[in-house]
Amino acid sequence: MPRHARVLPAGVPVHIVQRGHNREPCFFADRDYLRYLDHLKEFATQFDCAVHAYCLMTNHVHLLLTPRGAESATLLMKHLGQRYVQYVNRCYSRTGTLWEGRFYSCLVLSEWYALACYRYVELNPVEAGIVQHPRDYRWSSYSKNVADSPDDFLRPHAAYAALGNESSSRVSAYAALFDKPLEQNVIDEIRKATRGGYVVGSRRKPRGRPRGPVMRKIGSVPI
């Protein structure tokens, strides 16, 4: 029986994690990371998702984005995953799946947690012991988010935009967020929310029709 498309509320940021099957590698060479990013840009535009941050690790992917439609994020991940698997299978003469089932996700309702998720995503290589600072990792959005010139792909979240009135002040304030490590309790909270499929900071699953400004139908987020 086919699964229903996962519904995530339009206009609400979401942190997404997609892992390789059995935690095996998804990327094998520089060209693979570049191809994934090309497809991410293509389908984010096609399905109207504003991407704020990303990090491509060897065996999994982190995205922080805001979908503009109820099924935008699901369609993005479906087409992105399928297109990239086709590429990998063709290039490496393999067959079958690459991903570990459906993606994990959590909603991010507050600006404080939005900035925490920015840091969580871009600090992943540091947390994994690959680099000492996110600026040294090529396959994340950190270098783009601390650049004075705007990127032609990333779209700043309101919390990022509120860091300063000018580009230079925003960049300086954003870079300063990485002077200290993200608190372990915040890391644990984001991880649990993402794996459990609930709103980060609330420990509740986004079922039914939530109160407050988000008044769209939200399906359960099975993980």
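The values are calculated or read from the model by the stated rules, or taken from the named source; none is laboratory data. No experiment lies behind these values; they were computed from the predicted model shown. As a convention, Cβ positions derive from the backbone with ideal geometry for all residues, glycine included, and neighbour counts pool all protein chains shown. With ligands, DNA and RNA removed, areas are computed over all heavy atoms of the protein, side chains included. Shrake-Rupley method; radii C 1.70, N 1.55, O 1.52, S 1.80 Å.
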task = Taking the Cα centre of segment 1-118 as origin, sum charge times position over the Cβ atoms of Lys and Arg (+1) and Asp and Glu (-1), and report the length of that vector in debye to the nearest 20.
result = 360 debye
task = Using only the Cα atoms of segment 115-159, build the gyration tensor, take square roots of its eigenvalues as a ≥ b ≥ c, and label the shape rounded, prolate or oblate: rounded if a/c is under 1.5, else prolate if a/b is larger than b/c, else oblate.
result = oblate
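How much accessible area per residue does segment 1-137 have, in Å², with a 1.4 Å probe?
Numbers: 6050 Å² over 137 residues.
About 44 Å² of surface per residue is accessible.
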task = Give me the compactness ratio for segment 44-90, meaning the Cα radius of gyration over 2.2 N^0.38 Å.
result = 1.19
ask   = Which label belongs to the value computed from this structure, given these candidates for Rg/Rh (Cα atoms, Kirkwood Rh): [x] 0.92; [y] 0.97; [z] 0.94?
value = [z]
message = So for the chain, if I pair up every lysine 8 or more residues apart or on another chain, how many of those pairs have alpha-carbons under 18 Å apart?
response = 4
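Can you pull a Stokes-Einstein diffusion coefficient for segment 104-179 at 4 °C (1.567 mPa s), Rh from Kirkwood over Cα pairs, as a whole number of µm²/s? Let's see the in-between values first.
Details: Rh = 13.0 Å.
It diffuses with D of about 100 µm²/s by this estimate.
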Residue-span extension gain [SER149 to ASP30] - 0.36 nm each, minus C-alpha spacing = 40.4 nm
remark   = Quick numbers on segment 66-119, Rg and Dmax over C-alpha atoms in Å, give 15.0, 45
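Do the sum for the chain: with -39,500 (n - 2.57) for every DSSP H run of n ≥ 4, divided by all residues, what is the mean residue ellipticity at 222 nm, to the nearest 500 deg cm²/dmol? List each step's numbers first, then the result.
Working: 8 runs with 84 residues, N = 223.
Value at 222 nm, helices only: -11000 deg cm²/dmol.
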key: segment 58-168 - convex hull of the alpha-carbon atoms, volume per residue in Å³   = 144 Å³
For segment 3-76, alpha-carbon Rg over 2.2 N^0.38 Å = 1.12
query = What relative contact order, as a whole-number percentage, does segment 1-128 give when Cα pairs under 8 Å and 6 or more residues apart are counted?
reply = 38 percent
query = Tell me, in nm to one decimal, what length is gained between GLU166 and ASP38 on full extension, where the rule is 0.36 nm per residue of separation less the Cα-Cα distance?
reply = 43.2 nm
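Of all accessible surface on segment 69-159 at a 1.4 Å probe, what whole percent is carbon and sulfur? It would help to have the intermediate numbers written out before the result.
Values: 2170 of 4380 Å².
Solvent-exposed carbon and sulfur of segment 69-159 make up 49 percent of the total.
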